[in-house]
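Following: one structure in structure tokens, then a few remarks.
The values are calculated or read from the model by the stated rules, or taken from the named source; none is laboratory data. What you see is a predicted model; the values in this text were computed from it and never measured. Reconstructed Cβ throughout: ideal geometry from the backbone, glycine too, with neighbour counts over all protein chains shown.
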């Protein structure tokens with residue numbers, strides 16, 4: 001019965017994303033990997049079985065449950081700058097250089113809570129994949145179809161295979177078993193779970209586009225080395241300047257102007 005429930009939940013997500021491949025092993029592996037962080041935290045709290053079940057249900061409702069979010073006219077630049085300000089204390093222990101650049105753009109039309117999740121999710125993804133001493137830039141600017149929000153990091157990058165799979169079903173940028181920590185925003189903190197999947201669903205529901213480009217660090221991709229988590233601890237021939245120019249990921253969110261949806 002539980003297996004059937006897991007399959008039904010995955011089928012629903014697959015339908016949303018217009019997928020056609022329902023291989024049981026892949027589905028269950030994806031669901032387990034996406035949930036492993038939350039499960040480990042709950043187990044570490046020493047809760048009883050009923051409490052754990054309740055917490056998991058609450059987490060599912062909070063994260064993936066239906067919401068009646070109301071779209072509003074939002075100035076993207078000020079919103080992003082304020083959101084970054086509230087997020088900084090969450091990764092104060094990190095030594096990444098995160099800079100924000102915001103040009104004046106047209107307003108956009110989207111629920112504030114949805115936009116907040118998109119901004120936080122992409123910033124967290126960048127911080128968790130970028131070693132200390134490397135750079136992250138967050139930009140708001142005019143784009144081809146309207147305002148654009150871009151997060152660019154000089155981190156470890158994403159392999160070609162995982163880049164191909166992104167948003168199709170399940171996404172992770174490095175092997176789950178290699179995670180060194182479970183604290184959010186720490187380097188290689190943990191799996192993405194359904195964060196980017198949720199953004200894909202949001203993009204279809206609220207009419208924005210997501211583009212992603214990435215290239216893995218050549219030392220990781222070609223030589224099989226593991227990033228130490230700090231540029232200063234990398235091999236001598238790379239160091240600060242080189243690290244910031246090899247590898248990394250850029251995610252661009254393209255919005256339409258608010259007037260496209262508010263004109264009567």
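Are there helices (runs of 4 or more DSSP H) fully within region 153-255 with at least 1 residues that are at pLDDT 75 or above, under 16 Å from the mean Cα position of the chain (by Cα) and closer than 30 Å to residue 109 by Cβ? List them.
Working: elements: 160-165, 195-206, 218-221, 239-243.
By residue number, 195-206.
What tally of residues in region 118-134 results from selecting those that are modelled with pLDDT of 90 or more and surrounded by fewer than 19 Cβ atoms within 10 Å (Cβ to Cβ)?
Qualifying residue count for the region: 2.
Could you please find all residues in region 89-106 being surrounded by fewer than 12 Cβ atoms within 10 Å (Cβ to Cβ) and in a helix (DSSP H, G or I)?
89 - this is the single residue of region 89-106 that is surrounded by fewer than 12 Cβ atoms within 10 Å (Cβ to Cβ) and in a helix (DSSP H, G or I).
A quick yes/no check of all residues on (1) part of a helix (DSSP H, G or I); (2) free of Cβ contacts under 8 Å to residues at least 60 places away in the same chain; (3) assigned by TED's automatic domain parsing to the domain that holds residue 187:
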| residue | (1), (2), (3) |
| --- | --- |
| 87 | yes, yes, yes |
| 122 | yes, no, yes |
| 139 | no, yes, yes |
| 151 | no, no, yes |
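Would it be correct to say that residue 86 is touching a strand residue (DSSP E or B) at 6+ places or on another chain (Cβ under 8 Å) and modelled with pLDDT of 95 or more? Spell out how you get there, then give the answer.
Numbers: touching a strand residue (DSSP E or B) at 6+ places or on another chain (Cβ under 8 Å): no; modelled with pLDDT of 95 or more: yes.
In short, no.
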